[in-house]
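Step one of this worksheet: look at the structure below.
What follows draws every value from the coordinates through simple rules; no lab data is involved. Model, not experiment: these values are computed from the prediction. Here the Cβ is made from the backbone with ideal geometry for all residues, glycine too, and neighbour counts use every protein chain on show.
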Amino acid sequence: MQLIGILRWMCEIGRLDICTETSMLSSYSAMLREGHLKAALHVFAYLRNHANTRLVFDPYKPKIPDDMFIECTWGPEYSGAEEMIPPNAPKPLGWSVLLRMFVDSDHVGDKVSRRSRTGYVIWANSSIVDWFSKKQATIEASVFGAEFCAMRHGVETLRGIRYKLRMMGIPVDGATGIFGDNMSVVNNSSKPESTLKKKSNSICYHLVREAVAMGEALVAHIPTKKNFVDLFTKCLSGVTRRSLVSGLLFDIYDFGSFYLSHFNFVPLHVECLSEFCLRFASDKAVCVQEHRHP
């Protein structure tokens, strides 16, 4: 339990690269087994080898091509739909903020309950401000349903962030760009002529479409290899993991080689942090083995 608590704390302070693994381990907190301990120690070994990371806060806006989004005229189905602007919000001052979100979902990834996993990352300008990885509350029989549930959760979070920014007097620049890798979900969210064939997904379907109709969000398709949130829905490894993590965190894979090649040593604080993570994990493993019930 303490090991998982440490991992959750590290996710909160910026270690986005272990969110999925930590979330999976957290679902077994009430009934841990030896295999879960080995998996937790494996995560600590990963942290030991990649102890140095930077989460950069960049105030400048990214350049997003306008032709990525589909803008249409919505019919009477969503007539009168307008974004809720707080009437008592202060006058917006300063630089405006452009929000964007990458969202994804796996399909029945949990082998025990067969529930899918929702993941999203939200940027304010070029700074990551929110991230999420969690099993969905219901079992979805199709990829379409799982992806729409994930997008609904992301849209609701974005709605709250836009409201908070306005209440703090920060101007919000236009609609939020939402990027997903499921073409069916993108088309059903962006095109008024699209119809829903699966009534079980009607709530998620209409909530996302209404957000697009009121100008609160715009949905665009991106390839799976460029979707950073694939890291928040699946346990990845190898080149795929390295490429996605490198797009979110800085100096995570090259810090050791950088110091060795330029200064011929590794800084003491990096060595101490790695040794602490490994020593703490090893001590906890011994404690669990000594107090393990027969």
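When only Cα pairs below 8 angstrom with a gap of at least 6 residues are kept, the stretch 163-228 shows a relative contact order of 46 percent.
Classify the stretch 112-254 as rounded, prolate or oblate from the Cα gyration tensor: take a ≥ b ≥ c as the square roots of its eigenvalues, call it rounded if a/c is under 1.5, otherwise prolate when a/b beats b/c and oblate if not. Cα axes put the stretch 112-254 in the oblate bin. Highest GNM mean-square fluctuation among ARG54, ARG209, ARG152, for the chain modelled with Cα contacts below 10 Å: ARG54.
In the stretch 36-155, one over the average inverse separation of all distinct C-alpha pairs is 18.5 Å, which is the Kirkwood hydrodynamic radius.
Think of each Lys and Arg Cβ as +1 and each Asp and Glu Cβ as -1; about the Cα centre, that makes the dipole of the chain roughly 620 debye. Taking every DSSP beta bridge that has both ends in the chain, the antiparallel portion is near 65%.
The length gained by stretching the chain between SER127 and ARG33 to full extension, at 0.36 nm per residue less their Cα-Cα distance, is 30.0 nm. Tell me, what is the percent relative contact order of the chain, built from C-alpha pairs under 8 Å that lie six or more residues apart? Reported relative contact order: 24 percent. Would you mind getting me the FRET efficiency between GLN2 and ASN88? Use the beta-carbon distance for r and R0 = 25 Å, nearest 0.05. About 0.05, to the nearest 0.05. Please find, in a Gaussian network model of the chain (springs between Cα atoms separated by less than 10 Å), the residue of HIS221, HIS36, HIS107 whose mean-square fluctuation is greatest. Looking only at HIS221, HIS36, HIS107, the biggest GNM fluctuation is shown by HIS36. With springs only between Cα atoms under 10 Å apart, run a GNM on the chain and tell me which of MET31, MET183, MET151 wobbles the most. Highest fluctuation among the options: MET31.
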